[in-house]
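Q: Quick one: the structure is below, and I'll ask about it shortly.
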Amino acid sequence: MSGLPRLRHAVVLGAGTMGAQIAALLAGNGVRVSLLDLEADVARARLERAAKLRPAPFYLPSDRRNIRTHGFDQLADVVADADWVVEAIVEQLEPKQALLARVDEAVAGRERPPIVSTNTSGISINALLEGRSDAFRQRFLG
């Protein structure tokens with residue numbers, strides 16, 4: 001086994017098509033996942049929709065027990081012990097920047113802040129990082 005720490009808790013921001021399926025794949029690998037969207041009910045409904053897809057994004061139906069749904073109002077608490085935060089919201093610069101600013105603020109000062117990444121396919125990584133702290137920038141992937 002390599003010297004890398006084990007991924008214990010991942011936070012997926014956005015429970016749409018990509019976010020819910022990313023959460024399912026992580027959960028299938030034994031990772032505890034927090035799936036966030038505008039409200040916890042929205043995240044839960046979108047996770048249910050993903051579970052009905054064929055082929056299913058879950059390796060096993062029981063993998064769903066590794067996922068907890070939350071609203072963005074709980075972001076600061078949920079990212080407190082995250083190892084990895086994956087942004088997967090609407091493909092628009094301003095909402096992504098605003099959400100990443102909230103993550104930056106929530107993890108500031110942590111001894112071991114999480115890796116943060118984006119699932120964007122067309123927005124400039126440099127634009128997403130405008131205004132983010134140096135510590136955040138060093139742990140960001142795109």
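Q: Quick one: which residues, 5+ away or cross-chain, put their amide H under 5 Å from the amide H of F140? H built at 1.01 Å from N.
A: V116
Q: Right, something else. Once amide H atoms are built 1.01 Å from N in the peptide plane, which residues 5 or more positions from E87, or in another chain, come under 5 Å H to H?
A: When sequence neighbours closer than 5 places are left aside, the close amide H contacts are L13, S117, T118, N119.
Q: Now for a different question. So what is the 222 nm mean residue ellipticity for the chain from helices alone, if each DSSP H run of at least 4 adds -39500 (n - 2.57) and you divide by all residues, rounding to the nearest 500 deg cm²/dmol?
A: Values: 6 runs with 51 residues, N = 142.
One gets -10000 deg cm²/dmol as the mean residue ellipticity at 222 nm.
Q: Determine, for each peptide in 15-26, 77-88, the mean count of other beta carbons within 10 angstrom over its residues, then list the peptides with the highest first.
A: Order by mean packing, descending: 15-26, 77-88.
Q: Once the other residues with Cβ under 10 Å from the Cβ of L7 are scored (Lys, Arg +1; Asp, Glu -1), what is the net sum? List each step's numbers first, then the result.
A: Working: positive: R6, R8, R32; negative: D83.
Counting the neighbours of L7, the net charge comes to +2.
Q: With Kirkwood's inverse mean 1/r over C-alpha pairs for Rh, give me the Rg to Rh ratio of the chain, two decimals please.
A: Working: Rg = 14.5 Å, Rh = 15.2 Å.
With Rh from the inverse mean 1/r over Cα pairs, Rg/Rh is 0.96.
Q: Right, something else. Gain in length, E48 to I123, computed as 0.36 nm per residue apart minus the alpha-carbon separation, to one decimal in nm?
A: Working: separation 75, 0.36 × 75 = 27.00 nm, distance 2.85 nm.
Gain on stretching E48 to I123: 24.1 nm.
Q: Give me the distance between the Cα centres of the stretch 48-97 and the stretch 12-46, rounded to whole Å.
A: If you average the Cα positions of each part, the centres end up 2 Å apart.
Q: Nearest 10 degrees, 0 to 90: what angle lies between the long axis of helix 93-107 and the longest principal axis of the chain (Cα atoms)?
A: 80
Q: Once you have a ≥ b ≥ c as the square roots of the Cα gyration tensor eigenvalues for the stretch 5-71, tell me rounded if a/c is under 1.5, and otherwise prolate or oblate according to whether a/b is larger than b/c. Intermediate results must be reported in sequence, preceding the final value.
A: Working: a/c = 1.85, a/b = 1.10, b/c = 1.68.
Because a/c hits 1.5 or more and a/b fails to exceed b/c, the stretch 5-71 counts as oblate.
Q: Suppose a student asked you for the relative contact order of the chain, using Cα pairs under 8 Å spaced at least 6 residues apart; what percent would you report? Mind dumping the intermediate values first?
A: Details: 251 pairs, mean separation 33.9, N = 142.
Worked out over the chain, it gives 24 percent.
Computed from the coordinates by the stated procedures, all read-outs in this text should not be read as laboratory data. Treat the numbers as computed from the prediction; the structure is a model and nothing was measured. Glycine gets a Cβ as well: all are built from the backbone with ideal geometry, and neighbour counts include every protein chain shown.
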